[in-house]
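The values are calculated or read from the model by the stated rules, or taken from the named source; none is laboratory data. Because the structure is a prediction, the values reported are computed rather than measured. Counting neighbours? That spans all protein chains shown, and the Cβs are built from the backbone with ideal geometry, glycine included.
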């Protein structure tokens, strides 16, 4: 059997929009090998990237969402998907092994569906953040920046408008990400502000690895801000 297929398994899923049952690939937990992470948590894997399979897509109606959000919908939301997605959809499957371009297509479709349904900004931010990573993998700086900016917008709204505490990013991690993502798009004063919020949060001592990284990135952002001000002054 092909080694790439051996590290994948099939998960049975039922679409919450059209009730279609289908199978989609996932990476076996035992096969995940992370090599390193960037300062915004962007992971690099040896072999198959599990993030490529984080979105489920119904091949029949076109509904797409993160695995944890692929759950029961009310009748009004179903009608929205049927009208705005299914009506323009031609049946095709994303249930096999995915390459980077297919993963990007999957996450973009999930972003569209989630916008239609008005899901939480923290979820939209999670999708957008992964898209920025995917474009970094492709070395497309323009689109990486575009989705990084989207992510900042989503996470800022999530921080002020909802209680941020999902399975991946708690409040401390979100504060840190807002600092680091702002730094990456050249908004150094905003980055410093968010890093300050990170370090002054009472819970930071429970997240020692983030505290150390926030101090390190704060120093970098501070130097970049000084250079930026000097350049403007010159």
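Listing for the model above:
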read-out	value
Index of the failed condition, residue 47 passing every other in (1) closer than 15 Å to residue 117 by Cα; (2) modelled with pLDDT under 95	(1)
Conditions (1) under 22 Å from residue 228 (Cα atoms); (2) in contact (Cβ under 8 Å) with a residue 12 or more places away in the chain: number failed by residue 156	(1)
Qualifying residue in the stretch 203-221 (condition: outside any helix (DSSP H, G or I), modelled with pLDDT under 95 and farther than 15 Å from residue 41 by Cβ)	yes
Count of the stretch 1-27 residues which are modelled with pLDDT under 95 and either part of a helix (DSSP H, G or I) or surrounded by 14 or more Cβ atoms within 10 Å (Cβ to Cβ) (or both)	5
Residue within the stretch 139-146 that is within 17 Å of residue 55 (Cα to Cα) and part of a helix (DSSP H, G or I) present	no
Selected residue [in contact with a helix residue (DSSP H, G or I) (Cβ under 8 Å, 6 or more places away or on another chain) and under 28 Å from residue 29 (Cβ atoms)] from 69, 46	69
